[in-house]
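Student: Take a look at the following structure, please.
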Amino acid sequence: SADGRLLATSLPFFEVRMNPCADWLADSTFNRYVGPLSDSLAALVKDTTARYYRNLIVSARAKKNRYLRLTRKPVNFTQLKSIYRFPMIDMKHYRVCITVEEKGKRVNPFKLLARRTIGLARDNNQVGLEAAYDTFLKGQTGLQLMQRIPGAWIPVTDEDAQEPINGKDIYTTIDISLQDVAETALMR
């Protein structure tokens, strides 16, 4: 906006998967840490119980599922950093058994305020500033070699990966306070 407040942005969210049946992870170590890991996941995500997570992880180990999705919804960066400190995951060797895939999410902090002007750029619906300046806003996609396993794609190596390049910003002359007054009056 004119005063520097954010009108729309893309936030990174992360899908976290783990390998509960790593070859070097002894049954005794797994059994000691699966409970505290389940408690930590339930406390962080709050979408289900620790018992659910424990059953999920134990079942995945029994079925030799090497790519278990830990949370139903992607987590934000702060939650991801917390997950790296959870029991079992914080073990020196175990970090290699965690796979993180970044997902972007478009967020409008002021919801519908000036939404048509800010716009959006999707394949079937392009309007507003985001559509007009889409080539500058979207940046460049990164590249990563992936391997297909049953149920998911996993990264193969980081050696040849190309990091994505962030898009540019647009600074508008939209005054949020004035816009709010105008839209509220029009709604009435």
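Student: Please determine whether any residue of segment 74-85 is modelled with pLDDT of 90 or more, surrounded by fewer than 17 Cβ atoms within 10 Å (Cβ to Cβ) and aliphatic (A, V, I, L, M).
Tutor: No, segment 74-85 contains no residue that is modelled with pLDDT of 90 or more, surrounded by fewer than 17 Cβ atoms within 10 Å (Cβ to Cβ) and aliphatic (A, V, I, L, M).
Student: Looking only at residues that are assigned to a helix (DSSP H, G or I) and surrounded by 17 or more Cβ atoms within 10 Å (Cβ to Cβ) in segment 86-118, which one is nearest to the chain's Cα centre (by Cα)?
Tutor: Of all residues in segment 86-118, those assigned to a helix (DSSP H, G or I) come to 94-97, 115-118.
Going one step further and asking which of them are surrounded by 17 or more Cβ atoms within 10 Å (Cβ to Cβ), we end up with 94, 97, 118.
Details: Y94: 21, C97: 18, I118: 23 Å.
Among them, the one singled out is C97.
Student: When residues of segment 1-29 are filtered for being under 13 Å from I98 (Cβ atoms) and assigned to a strand (DSSP E or B), how many remain? So that I can check it myself, show each step before the final result.
Tutor: Here is the first cut: in segment 1-29, the residues under 13 Å from I98 (Cβ atoms) are 14-20, 22, 25.
Retained after the next criterion (residues that are assigned to a strand (DSSP E or B)): 14-18.
Final tally of qualifying residues: 5.
Student: Give segment 57-70 a look and list any residue that's buried (at least 18 other Cβ atoms within 10 Å of the Cβ) and either over 19 Å from the mean Cα position of the chain (by Cα) or more than 18 Å from C21 (Cα to Cα) (or both), or say none. Walk me through how you get there before you give the answer.
Tutor: Looking only at segment 57-70, we keep the residues that are buried (at least 18 other Cβ atoms within 10 Å of the Cβ), and these are 57, 60-61, 65-66, 68, 70.
Within segment 57-70, I57, A60, R61, N65, R66 meet the criteria.
Student: Answer yes or no: is there a residue in segment 33-43 that is in a strand (DSSP E or B), touching a Phe, Trp or Tyr at 6+ places or on another chain (Cβ under 8 Å) and hydroxyl-bearing (S, T, Y). It would help to see each step written out before you state the result.
Tutor: Step one: list which residues in segment 33-43 are in a strand (DSSP E or B), which gives none.
No, the conditions are met nowhere in segment 33-43.
Student: Now for a separate question. If only one of T184, T135 is closer than 24 Å to P12 by Cα, at pLDDT 85 or above, of a type in the set (S, T, Y) and surrounded by 10 or more Cβ atoms within 10 Å (Cβ to Cβ), which one is it? Reasoning before the result, please.
Tutor: Working: T184 fails: closer than 24 Å to P12 by Cα.
None of the others qualify; the one that does is T135.
Student: Would you confirm whether or not segment 45-54 contains a residue that is of a type in the set (S, T, N, Q), open to solvent by 50 Å² or more (accessible area, probe 1.4 Å), more than 15 Å from T99 (Cα to Cα) and at pLDDT below 95? Before the answer, list the steps.
Tutor: Residues of segment 45-54 that are of a type in the set (S, T, N, Q), as a first pass: 48-49.
With the extra rule that they be open to solvent by 50 Å² or more (accessible area, probe 1.4 Å), the set shrinks to 49.
From what is left, the residues that are more than 15 Å from T99 (Cα to Cα) are 49.
Remaining after also requiring at pLDDT below 95: 49.
Within segment 45-54, one or more residues are of a type in the set (S, T, N, Q), open to solvent by 50 Å² or more (accessible area, probe 1.4 Å), more than 15 Å from T99 (Cα to Cα) and at pLDDT below 95.
The values are calculated or read from the model by the stated rules, or taken from the named source; none is laboratory data. What you see is a predicted model, and the numbers here were worked out from it, not measured in a lab. Using ideal geometry, Cβ is built from the backbone for each residue, glycine included, and neighbour counts are taken over all protein chains shown. Ligands, DNA and RNA are excluded from the accessible area calculation, which covers all protein heavy atoms including side chains. Shrake-Rupley method; radii C 1.70, N 1.55, O 1.52, S 1.80 Å.
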